[in-house]
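Have a look at the structure below, then the notes.
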Amino acid sequence: MAIPAPIIAVALAPLVAWRLYSRIKRLTTRQLSRTWRHRTTLVFFPLLLVLVSLAGIGNPLILLGLAGGLVAGSVLGAVALKKTQFEQVGDQFYFTPHAHIGLVVALLFIGRMGWRAWEFYVNGGMHQNDFMKSPLTVTIFGILSGYYMTYAIGLLRWRKLTAPAKD
């Protein structure tokens, strides 16, 4: 006997809500800077961008949306970096992100994914390749990617500039 989809959705809702809450909380509070996280961002997002670009070959709107989103996200990331508070306590590096910009980017992406999930549910499913064939979805993913990659680059630069000089 198969479990009905609404029951699965209700069972997963608390887990999704908890992850969203913890992710958004992280965008607004002081954080310990970990170079491995920043570097992981700079590996993970470019790989995803390549996959999305490959899926969009043959559809100029997808590639244009992705490029436009990357530019917009990079600008938002640069502005957010200028408004970020950086501090060093002993050997530890901390930063407090600019909450408003990070929240807007995160909620934009979460909202779009929620909408796509609703479409998936209402339409009774879709092909795996259809998910990223919406120019709006790809544009919002580009904004998210550009923001996080720019922010990670800025954090790594800050760490490098404030690292103690080695003799």
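Summary of values
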| read-out | value |
| --- | --- |
| Whole-number accessible area per residue in Å² for segment 51-103, which is evaluated in the context of all protein chains at 1.4 Å | 56 |
| Per-residue [θ]222 nm for the chain (sum of -39500 (n - 2.57) over DSSP H runs n ≥ 4, rounded to 500) | -25000 deg cm²/dmol |
| Fraction of alpha-carbon pairs over 20 Å apart in segment 7-159 - percent | 55 |
| Tilt relative to the chain, helix 60-82 - C-alpha long axis, 0 to 90 degrees, to 10 | 30 |
| Sulfur and carbon atoms: percent of accessible area, the chain [1.4 Å] | 69 |
| Lysine pairs meeting the criterion (Cα under 29 Å, 8 or more apart or interchain), as found in the chain | 6 |
| Under the Karplus curve 6.51 cos²θ - 1.76 cosθ + 1.60, θ = phi - 60°, whole-Hz ³J(HN,Hα) for segment 98-114, x wherever Gly or Pro sits | 6, 4, 5, 5, x, 5, 4, 4, 5, 5, 4, 5, 4, x, 5, 5, x |
| Debye-sum result for segment 11-81 in log10 I(q)/I(0), which assumes one identical scatterer on each alpha carbon, at q = 0.23 Å⁻¹ | -1.11 |
| Highest-fluctuation residue, ALA55, ALA106, ALA67 considered, GNM on the chain with Cα pairs under 10 Å | ALA55 |
| Residue with peak Gaussian network fluctuation, the chain [Cα springs, cutoff 10 Å], from VAL105, VAL79, VAL138 | VAL79 |
| Paired Rg and Dmax values of segment 82-127, which use every Cα atom, in angstrom | 18.2, 55 |
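The values are calculated or read from the model by the stated rules, or taken from the named source; none is laboratory data. Here the structure is a predicted model, which means the values were calculated and not measured. What goes into the accessible areas is simple: the full protein's heavy atoms, side chains included, and nothing from ligands, DNA or RNA. Shrake-Rupley method; radii C 1.70, N 1.55, O 1.52, S 1.80 Å.
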